[in-house]
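A.B. asks: Pasting in a structure now, in structure tokens, and then I'll have a few things to ask.
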């Protein structure tokens, strides 16, 4: 059990750090120096790619959806906030092992949306979004393990009286 818990902790922490860094990078503008907006990604990086496809061809069948979202200025403010907040919140929750199952599902959902939006299969179907999403999903499935705040919270009397808590916690 000890080895399993250490392995889960490493997976949880590494994926959590990846999410957290991505969110903090967008919040503090480390890479770009300009305020984050997903509009450029939604307009120009959602054309997709397939093995041997023309780089200028639109191969992503969901491309029109993402472009329409990018064109909605009032909605983009909410999308930008949700991306940054979501990445930071999922990252912190996974690192701490707090509401691990919920954070894992949220992270897998976010990466699933990024995967469909990006639609980049020029180097095959195995890209960063798929890997982050799968690991977040596995962490949601197996739970936080022993090295987590969830393991402490699960022992509290109030948590044991709330049956739904076991589905959120690890």
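Derivation of every value follows stated rules applied to the coordinates shown; laboratory data play no part. What you see is a predicted model; the values in this text were computed from it and never measured. Note: ideal-geometry Cβ built from the backbone for every residue, glycine included; neighbour counts use all protein chains shown.
A.B. asks: Taking the Cβ-Cβ separation of residue 44 and residue 92 as r and a Förster radius of 45 Å, what is the calculated FRET efficiency to the nearest 0.05? Provide the component values of the computation, followed by the final result.
C.D. replies: On the way: r = 30 Å, r/R0 = 0.67.
Efficiency, rounded to the nearest 0.05: 0.90.
A.B. asks: Grab the Cα-Cα distance for residue 14 and residue 126, subtract it from 0.36 nm times how many residues apart they are, and report the gain in nm with one decimal.
C.D. replies: Values: separation 112, 0.36 × 112 = 40.32 nm, distance 1.84 nm.
Gain on stretching residue 14 to residue 126: 38.5 nm.
A.B. asks: When the helices in the chain are scored as -39500 (n - 2.57) per DSSP H run of 4 or longer and the sum is shared across all residues, what 222 nm value do you end up with, to the nearest 500 deg cm²/dmol?
C.D. replies: Details: 9 runs with 112 residues, N = 170.
Calculated at 222 nm, the ellipticity per residue is -20500 deg cm²/dmol.
A.B. asks: Quote the relative contact order of the chain in percent (integer), defining contacts as alpha-carbon pairs under 8 Å separated by 6+ residues. Don't jump to the answer; show the numbers that get you there.
C.D. replies: Values: 253 pairs, mean separation 50.2, N = 170.
Rounded, it is 30 percent for the chain.
A.B. asks: Taking neighbour counts of Cβ atoms within 10 Å as a proxy for exposure, in what order, fewest first, do 50, 30 appear? All intermediate terms of the calculation are to be shown ahead of the outcome.
C.D. replies: Working: 50 13, 30 10.
If I rank by nearby Cβ atoms, fewest first, I get 30, 50.
A.B. asks: Could you give the distance between the Cα centres of the range 25-82 and the range 92-128, to the whole Å?
C.D. replies: Using only Cα atoms, the two centres lie 16 Å from each other.
A.B. asks: May I pose another question? Among 4, 101, which comes first, then next, by fewest other beta-carbon atoms within 10 Å?
C.D. replies: Ascending Cβ contact count within 10 Å gives the list 4, 101.
A.B. asks: Another question about this same structure. Above 25 angstrom, tally the Cα pairs of the chain and express them as a % of all pairs, no decimals.
C.D. replies: Numbers: 5861 of 14365 pairs.
Beyond 25 Å sits 41 percent of the P(r) for the chain.
A.B. asks: Shape verdict for the range 43-95, please, from the Cα gyration tensor: rounded (a/c under 1.5), prolate (a/b greater than b/c) or oblate.
C.D. replies: Details: a/c = 4.11, a/b = 1.59, b/c = 2.59.
Note, shape of the range 43-95 comes out oblate.
A.B. asks: Can you sort 168, 15 by how many other beta carbons sit within 10 Å, fewest first?
C.D. replies: Values: 168 17, 15 26.
Neighbour counts put them in this order, fewest first: 168, 15.
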